[in-house]
Amino acid sequence: MVLALLALLFTMNGMVRADDGAVSKEYRLKAAFLVNFAKFVKWPGPSSEAGQKPLVIGVFDKNPFGASLEGIARVQKINGREIIVKQVATVEEAGAVNVLFVSEADDGLVAQTLAALKGKAVLTVGETDAFAQSGGMITLTREGDKLRFEINAESAEREKLVLSAELLKLAKPAPKQP
């Protein structure tokens, strides 16, 4: 199963090459990771209802992905669910998505955004140390020229999100919160 996850991530690399010259290769790759993370999460609630509703990926405030994320979402489904990408401007809107990406540009809003999402079962993904330290679930990091991710499994468990063992094996454990 780990090989299947890796294959999915590398397969997405072909889709990431969409013509969006204004967006860096790093953010095109992060867009692919974001969609793939959702494939390895089980949200609380009846699964029959989830299969009928689209899966919503929210991008908080500034969108560093350009059209890359929408392009990937158009050609992918997650467990039969259509993927919708939504620009999110407020914490209230953030509570209505399944996955929320918070960019480094929004670093000052991280703690209050994550606090407001408690009890909402939103998979939170960010890219800064402040995000991880504030209890974000998945933090995208760079190691040299490689993109990696850390998972704060405790934060996901508190929101009753079940992350697959395969995803957890590929991640670096997040540093413990103070």
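Mind listing just one residue for me: the one in region 141-154 that is in contact (Cβ under 8 Å) with a residue 40 or more places away in the chain and of a type outside the set (Phe, Trp, Tyr) and, of those, nearest to Glu26 (Cα to Cα)?
Quick first cut of region 141-154, residues in contact (Cβ under 8 Å) with a residue 40 or more places away in the chain only: 142, 147, 149.
With the extra rule that they be of a type outside the set (Phe, Trp, Tyr), the set shrinks to 142, 147.
On the way: Arg142: 9, Leu147: 8 Å.
Among them, the one singled out is Leu147.
Does Glu154 count as of a type in the set (Asp, Glu) and surrounded by 16 or more Cβ atoms within 10 Å (Cβ to Cβ)? Walk me through how you get there before you give the answer.
Numbers: of a type in the set (Asp, Glu): yes; surrounded by 16 or more Cβ atoms within 10 Å (Cβ to Cβ): no.
No; evaluated as a whole, the condition is false for this residue.
The residues of region 19-59 that are at pLDDT below 80 and part of a loop (DSSP other than H, G, I, E, B), listed by number, are Asp19, Asp20, Gly21, Ala22, Val23, Gly45, Pro46.
The values are calculated or read from the model by the stated rules, or taken from the named source; none is laboratory data. Small disclaimer: the values here were computed from a predicted structure and weren't measured. Quick reminder, even Gly has a Cβ in these numbers, built from the backbone with ideal geometry, and neighbours come from all protein chains shown.
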